Amino acid sequence: MTISGVEADEDRDRRWALRRSVEIDVDLSDAEGLSCAATVTDISEDGCMIRVTPEHDLVPDRLHTIKVTGVRVLSGHVIWCSGCKAGLAFSEPLYPAQVQDFVMKSHYTRISRNMAKKGDANDYLPSLPPFPFEN
């Protein structure tokens, strides 16, 4: 909505970091010790969007940790929740190279899944080796 050609505060996107679309399965846990499986669906240097199953309620302002195989543990606060999706702001911003690692891991996972689904006998690479991440 605009008033005199100026955007209202709720319509303005104040985020500065570019979001990259990913699909990475993670383990999400909170300070209370509750944990669940989640999927990171986009990521930037200062936060990410996650998707959880409907039976898991995320509480705004609660600290969570995100564990990804081969990547360091990340922590962040839930900023918003809407249905099965939530936005987290990282406690410490990521370096651009770390975000790129997430993007590459996501692409690698998607390629591997697609190859496994096809199962074509003519595939010269029946599966991809493990992604080369350092722990």
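Where a number appears in this text, it was derived from the coordinates with a stated rule and is not lab data. Because the structure is a prediction, the values reported are computed rather than measured. Quick reminder, even Gly has a Cβ in these numbers, built from the backbone with ideal geometry, and neighbours come from all protein chains shown.
See the values below:
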quantity: Added length on full extension, which subtracts the Cα-Cα distance from 0.36 nm per residue, THR69 to CYS84; calculated: 3.1 nm
quantity: Kirkwood-Stokes translational diffusion coefficient of segment 16-117, alpha-carbon pairs, 4 °C, 1.567 mPa s, µm²/s; calculated: 94 µm²/s
quantity: Taking segment 16-117 and dividing mean pair separation by its residue count, relative contact order in percent (alpha carbons under 8 Å, at least six apart); calculated: 26 percent
quantity: Hypothetical label at LYS117: residues of segment 35-60 whose amide nitrogen lies under 18 Å (7 Å Cα-Cβ projection); calculated: 39-41
